[in-house]
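Working notes, structure below.
Taken together, the values in this text are just the output of simple stated rules run on the coordinates, not laboratory data. What you are looking at is a predicted structure, and each value in this text was computed from that prediction instead of being measured. Cβ placement follows ideal geometry from the backbone for every residue including glycine, while neighbour counts extend to all protein chains displayed.
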Amino acid sequence: METAKSLRGVTLLIVEDDILPAMALQDALEDAGCHVLDLTGRHHEAILAARARKPDLALVNVELHGRDDGIALAEELKAMGIPVLFISGQVSRARSAQTVAIGSLPKPYSPADMVGAVAYLLRHIEGDETLPRPARLEVFNSASTWLTPDAA
């Protein structure tokens with residue numbers, strides 16, 4: 001399968017406050033060849049994980065545990081050079097913060113939707129438009145700022 005080949009060796013960070021969907025997501029992405037850093041629903045833990053091993057992409061829920069905010073986290077991850085995909089049912093909040101993320105995949109989504117979205121976005125960042133954009137994936141205009149220098 002072409003999508004699985006394109007995800008081999010990719011490192012992802014999942015920041016989700018609901019552990020069961022996060023674990024299902026982790027399983028599906030690992031089955032597709034990704035390495036997933038420790039799951040967390042906390043801003044501080046996500047930053048520590050990202051500093052320890054910079055992921056290729058972070059999947060971030062807009063609403064996290066306690067008073068933690070996924071949009072504030074996305075701002076910090078962007079400053080670290082880590083692209084963010086919002087994974088949230090709060091579509092309007094995700095859209096309002098599109099300058100700090102490359103896209104949004106609204107809940108509910110299937111594991112297959114997420115695998116397709118991750119594969120598409122990582123290729124998109126590289127300037128490769130050969131994969132079709134998954135139907136439910138919203139790609140923000142800021143995604144073009146993530147193009148690698150070779151692809152730009």
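Note on segment 40-86: Cα convex hull, mean projected area over all directions, 2.7 nm².
Potential lengthening of the chain between residue 95 and residue 18 amounts to 25.6 nm, from the contour at 0.36 nm per residue minus the alpha-carbon distance. Between the listed residues 58, 92, 14, the Cα displaced farthest toward the positive end of the dipole of the chain, a dipole computed from Cβ unit charges relative to the Cα centre, is found at 92. Kirkwood analysis of the Cα pair distances in the chain returns a hydrodynamic radius of 15.0 Å. Within segment 42-121, what percent of beta bridges assigned by DSSP are antiparallel, to the nearest 5? Restricted to segment 42-121, the bridges split so that about 10 percent are antiparallel. Between residue 45 and residue 133, the contour length at 0.36 nm per residue exceeds the Cα-Cα span by 28.6 nm.
Rounded to the nearest 20, the Cβ-based charge dipole of the chain about its Cα centre (Lys and Arg +1, Asp and Glu -1) stands at 220 debye.
Applying the Karplus relation 6.51 cos²θ - 1.76 cosθ + 1.60 with θ = phi - 60° to segment 32-39 yields 3J(HN,Hα) values of 7, x, 7, 9, 10, 5, 3, 6 Hz, where x marks Gly and Pro.
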